[in-house]
Amino acid sequence: MSHRDSLVLSSSTQDRDEFRRQVSATMDAIMASYDDESAFSGMDPFELRRRIQAIDVLPDSGLGFDDTLTTVAREVLPHMLRTWSVDYMPHLHAPSLMESISSELIIGTYNDSMDSWDQSPAATEVELSVIRCLCTLFGYDGNADGCFTSGGSQSNLSGIIAARDAWCMKRLGHDVKRHGNPDIWPRMRLYTSEISHFSMDKSCHLLGLGHDAVVKLPVDDRCRIDIDQARRIIERDVEAGLLPFCIVATLGTTDFGSVDDIAALRLIADRYGAHLHADAAYGSGAVMSRRYRERIGDLSLADSITVDFHKMFLLPISCSAILVKDASLLDCFELHADYLNRQEDEEDGYVNLVDKSIQTTRRADALKVLISFMTHGRDGYERMIDTVIGNADHFHSRISGDEDFICPVAPTLSSVVFALRDGDEVNRAVRRALLSSGTVIGQTVKDGRVMLKFTLLNPALTHEHIDRLIERIKAFRDRLKP
Ligand SMILES: Cc1ncc(COP(=O)(O)O)c(C=O)c1O
């Protein structure tokens, strides 16, 4: 056999060896790209842009893998964000569990696509099995179903499409899939917290209902939907002729990790015949903890649930699922194409998951859940969740007794929003100074004031580290004083 370049995997020894060599060289480059615990090199954006723009993205002649890796290892990797750092805590952006990175290698290597069984035989069966496990985990019965998605935004979109279509069929006998929105669409309303994720607005835009269809309900002093006000607002709207088709409970708001009262929202939804969607993109991880699970309430009360695995479950981006209490809710995504998901195959037992999904080509993300759930088990996940929520409680108890800080909302999950008492400018400057030193914390606004934020997803973080960070924040603040 004549020599040729190894381009894709094959059964040949040459291709297998070359693949192994490239993966191993990549591992070496990653390991050599950092030598401390910081989250970021601290390089300023202009210098980083200059260096990266100096790379010729499409050379006339390819450089080959080794030279390309050398350049990437020199210019890019050292300035990648290191999500595993205990000094990284600004967003709902988690470090990846080690074995889940290996899962990504498996997913990328096989590159199965979840649309049809003939593109993902084992991966389809894995997703079916993982979805069944998740339905049970969140208290749904055998009538439930679900599907993996690209992230919490798409899971929310899927839940809201399903809600809209089912509501229109039930209330109006109107088939949205065939005919589009009903004539009364300008009166349809989705109710959600004023601090819910913006995917509610995006979804209503994409559904042709517009942002006007989203009614933002006020929150109480713990940043949860104020239930009395919610009742009043919805009642007033219904009297005015508006039509509540969906209520969204947020179980873990993006900034505060606050959790809406799902039982109370269920009663309101039932009163008006609305679908109840639970955006548990963040809070769903608490289901693994016997100590903290009651903080998110009973998710099985919802008609549909968004679960993100790239948040509290610590899996690589992207990994999310939409679960529905009644499997038929996902029928709204079913369409058939002769080349893809033939009905005759489905009648013979081949499952084509494209029938339940917004996406066509789709990654085999359920495999990451299978591998990490099996690796750690319930008890391993419980320890991680107990650690991260316990860390937030620890941080809150430290700063709430410290007159240098204000902390308006006690944590429910693993996020704490707080500020130095010294005012907006100081808080902004402290965050920037920390960033340049490789420590990345969050910043947001509450009641018009600039606030700092810790989103504590890393189970490797210790109380000692949190205590040291409090001292560093004060030290940066002191250095700013004239
Ligand atoms: C409460 C909540 N819902 C939904 C999302 C959207 O998730 P994703 O970024 O995976 O699309 C987020 C993102 O942070 C979130 O905080």
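The values are calculated or read from the model by the stated rules, or taken from the named source; none is laboratory data. These numbers come from a predicted model, not from an experiment. Neighbour counts run over all protein chains shown; Cβ positions are idealised from the backbone, glycine included.
Residues in the stretch 8-39 that are among the basic types (Lys, Arg) and within 30 Å of residue 460 (Cβ to Cβ): 20 alone.
When you check residue 164 against the structure, is it touching a helix residue (DSSP H, G or I) at 6+ places or on another chain (Cβ under 7 Å) and closer than 30 Å to residue 366 by Cα, yes or no? Considered against the rule, which asks whether it is touching a helix residue (DSSP H, G or I) at 6+ places or on another chain (Cβ under 7 Å) and closer than 30 Å to residue 366 by Cα, residue 164 comes out as yes. On the stretch given as the stretch 281-316, residues that are in a helix (DSSP H, G or I) and within 16 Å of the ligand (Cβ to nearest atom) total 7.
Within the stretch 192-208, the only residue that satisfies the criterion of being away from the ligand (no atom under 16 Å from the Cβ) and buried (at least 18 other Cβ atoms within 10 Å of the Cβ) is 207.
Yes/no per residue for (1) buried (at least 21 other Cβ atoms within 10 Å of the Cβ); (2) closer than 16 Å to residue 457 by Cβ; (3) hydroxyl-bearing (Ser, Thr, Tyr); (4) over 26 Å from the mean Cα position of the chain (by Cα):
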{"position": "392", "(1), (2), (3), (4)": "yes, yes, no, no"}
{"position": "401", "(1), (2), (3), (4)": "no, no, no, yes"}
{"position": "414", "(1), (2), (3), (4)": "yes, yes, yes, no"}
{"position": "421", "(1), (2), (3), (4)": "no, no, no, yes"}
{"position": "436", "(1), (2), (3), (4)": "no, no, yes, yes"}
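What's the number of the condition residue 340 fails, among (1) assigned to a loop (DSSP other than H, G, I, E, B); (2) without any contact (Cβ under 8 Å) to a residue 60 or more places away in the chain; (3) farther than 23 Å from residue 455 by Cα? Of the numbered conditions (1) assigned to a loop (DSSP other than H, G, I, E, B); (2) without any contact (Cβ under 8 Å) to a residue 60 or more places away in the chain; (3) farther than 23 Å from residue 455 by Cα, the odd one out for residue 340 is (2). Taken residue by residue, the stretch 375-397 has at least one member that is in a helix (DSSP H, G or I), on the phi > 0 side of the Ramachandran plot and out of contact with any Lys or Arg (no Cβ under 7 Å at 6 or more places or on another chain). Of all residues in the stretch 447-460, those satisfying the criterion of being crowded, with 17+ Cβ neighbours inside 10 Å and either in contact with an Asp or Glu (Cβ under 8 Å, 6 or more places away or on another chain) or hydrophobic (A, V, I, L, M, F, W, C) (or both) are 450, 451, 452, 453, 454, 456, 457. Return yes when residue 85 is among the polar types (S, T, N, Q), over 25 Å from residue 318 (Cβ atoms) and not assigned by TED's automatic domain parsing to the domain that holds residue 316 and no when it is not. Spelling it out, it is not the case that residue 85 is among the polar types (S, T, N, Q), over 25 Å from residue 318 (Cβ atoms) and not assigned by TED's automatic domain parsing to the domain that holds residue 316.
From the list 211, 275, the lone residue that is more than 16 Å from the ligand (Cβ to nearest atom), under 17 Å from residue 197 (Cα atoms) and either free of Cβ contacts under 8 Å to residues at least 60 places away in the same chain or buried (at least 19 other Cβ atoms within 10 Å of the Cβ) (or both) is 211.
When 431, 479, 472 are screened for being modelled with pLDDT under 95, of a type outside the set (A, V, I, L, M) and either in a helix (DSSP H, G or I) or surrounded by fewer than 18 Cβ atoms within 10 Å (Cβ to Cβ) (or both), only 479 passes.
Residues in the stretch 231-267 that are touching a residue at least 60 places away in the same chain (Cβ under 8 Å) and more than 11 Å from the ligand (Cβ to nearest atom) were compared, and the one that is farthest from the chain's Cα centre (by Cα) is 243. With respect to (1) acidic (Asp, Glu); (2) at pLDDT 95 or above; (3) on the phi > 0 side of the Ramachandran plot, the lone exception for residue 464 is condition (3).
For the stretch 328-347, the candidate set comprises residues that are surrounded by fewer than 17 Cβ atoms within 10 Å (Cβ to Cβ) and hydrophobic (A, V, I, L, M, F, W, C); within that set, the residue that is nearest to the ligand (Cβ to nearest atom) is 335. Being in contact (Cβ under 8 Å) with a residue 24 or more places away in the chain and under 25 Å from the mean Cα position of the chain (by Cα) is not true of residue 201. Scoring residue 351 on the criteria (1) in contact with a helix residue (DSSP H, G or I) (Cβ under 6 Å, 6 or more places away or on another chain); (2) away from the ligand (no atom under 15 Å from the Cβ); (3) β-branched (Val, Ile, Thr); (4) not in a loop (DSSP other than H, G, I, E, B) leaves a single failure, condition (4). Restricting attention to the stretch 11-44, the residues that are farther than 30 Å from residue 433 by Cα and either under 33 Å from the mean Cα position of the chain (by Cα) or surrounded by 12 or more Cβ atoms within 10 Å (Cβ to Cβ) (or both) add up to 15.
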